[in-house]
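Taking it in order: structure first as structure tokens, then the write-up.
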Amino acid sequence: MTAIKLHIHSRHREHMGIIASLDDFEWSAGDTIDAASLLDDPNITLYCLDQANKRAIFTALPADIDLSQKPFMYQAQFDQAEFLVALPYADFLELAEGIPFDDRALLCLHNIGRCGSTVLARALNEIDDVITLSEPDALTNFVKMRAVPERARRDLLRACARWLCRPAIVGDHRRIVIKFRNQATAVMGLYVQALPNALHLFMLRNVIDWLASFHRLHVKRAVEPKRYPREQVIDQQASYYGCPRAQIERLAPPSIESYRVLEGRAIGWLFMLGRYLELVESRAEVAALRYEDLQCDRDGLLLSVMKMMGLPDTSLNAARRAFASDAQAGTKLARDGGRGNTLALPEDQQATVRKLLAKQSLLNSADVVLPGTVQVP
């Protein structure tokens, strides 16, 4: 089995929201590499899937880069990659079978974004027996792979999990946390099916406060609150989540003919929470975490999650360390001057969101408590 080294000539990503792709780089093919040698190299990490050419793409990073300390793994890989490695799916899948892996050691932290999931993942990473991989985009790639037969998708996803969690990467840690990007919620059911023994948690936030968090970023970047017609908003949201247009359309009542940017995001909030409710209805083993509980009783929520992971209460002091600084420091999503958000969503936009919620049969409250929500002691 051989892999191919790809030399990087330049790199370009439109913005952080783009899912990782081989197109992020201008490259040329180099020498072949013994594929089996990748297994034991801690500097070689899975970056994305090249579905068009049936290849897994890895980044080679400098030895001093610790991805468990990065809030966005895919961004660190993009920024720091020295070269790439391409491995055909057939060899990728075959080698994965030999990687020791037990998904009972895994916590999959699904989330809607801007809901405390980054700091929670970082807090768990502070515990000695735990390592966190935050937003590995090879897993997000499955949002754009709905045309692949279901069994093939499951096999490929399990192979990705094995490669991401192989001993060369996670070392002796007994618990592994994978924090997903919010787009990945669109195919949360696939992750639950492919990793049935993992602990699957879904983190959410009051939609008005959630949008206020984005509003802060827009104000900071002087983004104009443009208005878009309903049909265009539906197309935008369907594209972002890689889902059939009809799934978004049924959430957007015709009586609301246009949306500002953040108002349209509220439709995405409805879509993501809807995916969780579908799993609950199918009796999948999932549970929900609320940002509000993290804010009101941080220690209580941490203890609840630690108990679910089989971690001792004595690990709480270590987990607390994550809250001493901004979990997204050094990124475009960092706090302003060390403070949290102090801006509210404008009243007129709140009114549109509440009008949207009033049209929903189930998710008609901004501060919803989902079934299966983890109770804080």
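Since every read-out is calculated from the coordinates, none of them should be taken as a lab result. What you are looking at is a predicted structure, and each value in this text was computed from that prediction instead of being measured. Ideal geometry is used to build each Cβ from the backbone, glycine not excepted, and the neighbour counts take in all protein chains shown.
Brief remarks follow.
- Cα lying deepest toward the dipole's positive end in the chain, options L95, A56, S134, charges on Cβ: S134
- Taking Cα centre as origin and charging only the Cβ of basic (Lys, Arg, +1) and acidic (Asp, Glu, -1) residues, the dipole magnitude of segment 104-223 rounds to 340 debye.
- Count, lysine Cα pairs under 29 Å in the chain, 8 or more residues apart or across chains: 23
- Residues of the chain were split at every exposed loop site, defined as trypsin sites (Lys or Arg not before Pro) in a DSSP loop with at most 15 other C-beta atoms within 10 angstrom, and the longest piece left, sites excluded, is 55-145.
- Report summary: the helix-based calculation at 222 nm, which adds -39500 (n - 2.57) for every DSSP H run with n ≥ 4 and divides by the residues of the chain, gives -11000 deg cm²/dmol.
- In a simple Cβ point-charge model (Lys, Arg +1; Asp, Glu -1; nothing else charged), segment 161-266 has a dipole of about 420 debye relative to its Cα centre.
- In order along segment 113-118, phi translates into HN-Hα couplings of x, 6, 9, x, 5, 5 Hz, rounded to whole numbers, per the Karplus curve 6.51 cos²θ - 1.76 cosθ + 1.60 with θ = phi - 60° and x for Gly and Pro.
- Pairs of Cα atoms nearer than 8 Å and 6+ residues apart set the relative contact order; for segment 1-61 it is 33 percent.
- Two-decimal log10 I(q)/I(0) for segment 2-48, as the Debye equation yields it once each C-alpha is a single scatterer, q = 0.13 Å⁻¹: -0.38
- Nearest-20 debye value, the chain charge dipole, Cβ charges on Lys, Arg, Asp, Glu: 1120 debye
- 10 Å-binned pair-distance histogram of the chain (Cα, whole percent): 5, 23, 33, 26, 11, 1, 0
- Length-normalised contact order of segment 219-363 in % [C-alpha pairs under 8 Å, at least 6 apart]: 21 percent
- The calculated P(r) of segment 110-262, using every Cα pair and 10 Å bins from 0, goes 9, 31, 34, 19, 6, 0 in percent.
- Between helix 150-164 and the chain: long-axis angle, C-alpha atoms, 0 to 90°, nearest 10: 70 degrees
- Percent of Cα-Cα distances greater than 18 Å, calculated over segment 158-235: 64 percent
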